[in-house]
Structure formats: C-alpha cells, structure tokens
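Remarks on the structure that follows.
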Amino acid sequence: MATLIALTAVIVTVWFSVHQTRVMRNANNIPVTIDLLSKFQCAEFHDHHDYIYLRLQLENDPGRGVSGLSAEARTAFFGVVYFYQSFAEISIFGIADEEMFVSILRYRILRVWEAVAPFVEKERELRGGDATYLALFEELATRAAALPRTVISDRIAESRRPSGYW
C-alpha cells in the first residue's frame, strides 16, 4: 500500500511539473502577444506594411540600399522591418514561442522579406559585406517559408481535440 501511495505521489508530481512548465512557457508569450496585438490595432502599422510590399520597390532603387531610401520609405521600413527583427530576436533566442508567432505571421513575414531583401542585400554590400545586418529577420523569413501553409488550420484542428486532461 505504501508503494502504491508513493508511486501515485510521484506520478502526480511529474504531471504537475509538466503542466507547470507549459504554463511558464506560455507566460513568456503574454507580453509579446499584447505588444503584437497593440501594433496590429494601429492603422499606421498596416499602412507601413502596405507601403513595404506594394510601393517600396516601385518608388525606390534597391541599388541604393536601405540608407538610400526616401524619408517615407525609411519610416515604413524601420517601423515594419525592425518590428520583425525584434520579433526574430525574441523568437530565435527562445524568449517567445517561435512556432506560435511565426505561424500567425507567416504570410506577412514572407511578403515583407521578399520586398526588402534587395535593399538589405545592397545595404550589407555598402557596409563592407556586413552579413549580420538584419540577419535575424532573414532567418525568421527562412523559418517561416519552411512552415507548411496549413500550419494554422492544423493547429485549429488540433485545438478542437480533447486535451486528455482528467
């Protein structure tokens, strides 16, 4: 009987430890989620996104790099690209759940990187081959491209299944 009680105590302890680890991991995502939501509630942020993938390459010469962008383009570039660069930093270094955020933002990350890549590559060249300039955002785009297009619908389907607790 004592062995059964001890075994039950160990199982319950392990279960609570696993559950607590999940809760703590998700707690890291709360501030990032709040910041993300506040950005996406701002019309200016969406306007900058639209500028980046609809007008940036039409109105600016990629051969001049980021430093050669017009004032309007620089405002949009820094507002959007450095948001994703910061997001890449916290994702790649494990501060926030990369899968969750990259899944949610996959389409936008890919579109923005596609639009800014020629400017970034030229800026790296202008900086003497500085390959680190926006390298984390580039890596984030690479990881986003590797995700299947169905990742969101797969997660929705998974969330509808019973959790298995109790």
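Summary of values
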item: Calculated FRET efficiency for the pair ALA71/ALA146, C-beta based, R₀ 41 Å, to 0.05; result: 0.70
item: Radius ratio Rg over Rh of the range 63-166, counting only Cα atoms, Kirkwood formula for Rh; result: 1.10
item: Euclidean distance of C-alpha centroids, the range 34-82 and the range 122-166, integer Å; result: 20 Å
item: Per-residue HN-Hα couplings for the range 110-123 [Karplus 6.51, -1.76, 1.60; θ = phi - 60°; Hz; x = Gly/Pro]; result: 5, 5, 5, 4, 4, 6, 9, 3, x, 5, 5, 4, 5, 4
item: Ranked order, MET100, MET1 - accessible area, probe 1.4 Å, largest first; result: MET1, MET100
item: Karplus-derived 3J(HN,Hα), 6.51/-1.76/1.60, for each residue of the range 156-161, Hz, glycine and proline x; result: 4, 4, 5, 5, 7, 6
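The values are calculated or read from the model by the stated rules, or taken from the named source; none is laboratory data. Bear in mind that the values here come from a model prediction, so they are computed numbers and not experimental data. Backbone-built Cβ (ideal geometry, glycine too); neighbour counts: all protein chains shown. Accessible surface areas use protein heavy atoms only, side chains included; no ligands, DNA or RNA. Shrake-Rupley method; radii C 1.70, N 1.55, O 1.52, S 1.80 Å.
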